[in-house]
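Working notes, beginning with the structure itself.
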Amino acid sequence: MTPAALRAALERRAKALGFDAVAVTTPAAIPQAAPRLARALADGHHATMGWLADRAAWRGDPAALWPEARSVVMLAMNYGPDHDPRATLSRRESAAISVYAQGDDYHEVIKGRLKQIAGALAAAGAEIKVFVDTAPVMEKPLAEAAGLGWQGKHTNLVSREFGSWLFLGAIFTTAELPVDGPEADHCGSCRACLDACPTDAFPAPYRLDARRCISYLTIEHAGPIPREFRAAMGNRIYGCDDCLAACPWNKFAQAGREARLSARDELRAPPLAALAALDDAGFRRLFAKSPVKRIGRDRFIRNVAVAIGNSGAPDLAPTLVPLLGDPSPLVRGAAVWALARLDPGRLASLAARAQAAERDAAVREEWDVALAREAA
C-alpha cells in the first residue's frame, strides 16, 4: 500500500469510528513548543502540576519522545454542547460541570478507537504508539501544525468548523505519510475569551496562568481554594467553560454526535444540595464513568461547599452543617467559609465545632476568619 493509500484508509476508518477530523504532521513540526513550555514553567504558570515539568524535553520535542517516529496522525472528535453552557451559571442553586465531563470519560472512549485505527498501520508493517492526553505529548500544537485548527488566545484549539469543542488524540508511527500544512491563526483582534475569564487567568493572549484558572483550582489543586478566587468560582464545581464558550467561532459549531460523550441528564445542572449529601460510595456511583471521579469525593465536596457559599440561598445553609463534622479537613474548611457567607448568625451557636477542629490548622483558620468577620 502506498503512503497516500494508507493515509486514505486511516481517514476512512477514523470517520467510521466517530472522529470528525483527521490530519497528519511530523514530529519536527512544533519547534515553538519547547521555548513556550520553558517560559510557562519558569513563570510558575503550571502551579502544582509537576508532571508538566517532568520530562519537559519530551513534551517540547516529539522526536525526543520517540526518535523512530516519522509521522503523527492527529484526530479530533467533536463534543460540542447542544446549548450555551454559561446558562447554568445563573442557576445558583445548581452545579455547573464542564461540558467535557458531563458524559463518559473521553480517555476511555477515544483510546480504544485510536488503537483500532492504528491497526491498519501495524498491518502495513509500521510501529505505532497512541496517546490521549495522558503522556508527555503536546496535542494542541501538533493539531495546529496538522491543520486541525489553531491555538486561540485562550490556549485551546479552535476550529473553523467545530469552534472550541474538540477532543484530541494522536497516533505516532514509523510510517511516512503525506502531511498537511498548519492552520493559520484566525483570532485577529478579538479578545472575547480573555475578557470572559472570571479570575483573569490570562496574563497575556496565548498565555494561561493555571494558578488563577478555575479549571485548575477545581480539578488539579489539592488544597483549599485560595480565598481570592472563591467568590469568582460561582457555582462551577468541576472545570470552567467560559473562555471556550465565549469564542465567536462557536457560531459554526455543532452538537457532538458521539452518544457516550453526550451529557447525562443527572449531570447537566445537578442540585447543589443533593451533591453536598454524597458520601464516598454515592460519589463513586454517580461518577463511575465520568472524568470527575479522578479528583475524589473530598476535593469534589470542597468545590460543592464553595458553590453553596456563593449561591446566595440561605435555605441551603442546613446542607453545610453536616459537612462541618466531615472526616476531611478540606471539606470542613470549605463548609465553614460557605456557612459564614450564607448564615453568619449560625456561627456562634456552632462555635463548639471550632474547638473540635483545633487540631486542623487550615480549618481553625477558616473559623477564625469567619468569626472575626461576624464580630466586626
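The values are calculated or read from the model by the stated rules, or taken from the named source; none is laboratory data. The model shown is predicted, which means the values in this text are computed figures rather than measured ones. Reconstructed Cβ throughout: ideal geometry from the backbone, glycine too, with neighbour counts over all protein chains shown.
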Please go through region 272-300 and give me each residue that is of a type outside the set (A, V, I, L, M) and either assigned by TED's automatic domain parsing to the domain that holds I110 or within 11 Å of G103 (Cα to Cα) (or both), ordered by number. F287, K289, S290, P291
Residue that is assigned to a loop (DSSP other than H, G, I, E, B) and within 30 Å of A273 (Cβ to Cβ), where the choices are G125, G103: G103
Result of the Cβ filter at 6 Å on region 97-120, keeping first residues that are surrounded by fewer than 19 Cβ atoms within 10 Å (Cβ to Cβ) and partners that are of a type in the set (A, V, I, L, M), at least 6 apart or interchain, is H107/V132; K111/V132; K115/V130
Before we move on, is A34 within 15 Å of I171 (Cα to Cα) and surrounded by fewer than 21 Cβ atoms within 10 Å (Cβ to Cβ)? no
Look through region 186-216, keep the residues that are farther than 18 Å from R86 by Cβ and in contact with a Ser or Thr (Cβ under 8 Å, 6 or more places away or on another chain), and return whichever of them is surrounded by the fewest Cβ atoms within 10 Å (Cβ to Cβ). Y206
Every residue from region 232-265 that is under 30 Å from S328 (Cβ atoms) and modelled with pLDDT of 95 or more: A232, M233, G234, N235, R236, I237, Y238, G239, C240, D241, D242
For region 13-47 the number of residues that are outside any helix (DSSP H, G or I), more than 14 Å from A210 (Cβ to Cβ) and aliphatic (A, V, I, L, M) is 8
Which of the residues belonging to region 324-341 are within 14 Å of A277 (Cβ to Cβ) and not in a helix (DSSP H, G or I)? D326
Hey, does region 80-94 have a residue that's touching an Asp or Glu at 6+ places or on another chain (Cβ under 7 Å), among the small types (G, A, S) and either crowded, with 19+ Cβ neighbours inside 10 Å or modelled with pLDDT under 90 (or both)? no
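I'd like to verify a number: residues in region 265-300 that are outside any helix (DSSP H, G or I), closer than 24 Å to Y216 by Cβ and in contact (Cβ under 8 Å) with a residue 60 or more places away in the chain, how many?
4
Residues checked against (1) out of contact with any helix residue (DSSP H, G or I) (no Cβ under 7 Å at 6 or more places or on another chain); (2) assigned by TED's automatic domain parsing to the domain that holds A76; (3) of a type outside the set (F, W, Y); (4) within 29 Å of A246 (Cα to Cα):
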site	(1), (2), (3), (4)
G103	no, yes, yes, yes
I110	yes, yes, yes, yes
L157	no, yes, yes, yes
L168	no, yes, yes, yes
D180	no, no, yes, yes
D185	yes, no, yes, yes
R191	yes, no, yes, yes
A196	no, no, yes, yes
So which residues in region 147-193 are closer than 27 Å to E108 by Cβ and of a type in the set (S, T, N, Q), if there are any at all? Q151, T155, N156, S159, S164, T173, T174
So which residues in region 7-28 are in contact (Cβ under 8 Å) with a residue 12 or more places away in the chain, closer than 28 Å to L261 by Cβ, surrounded by 17 or more Cβ atoms within 10 Å (Cβ to Cβ) and of a type outside the set (S, T, N, Q)? R7, L10, R13, A14, G18, F19, D20, A21, V22, A23, V24
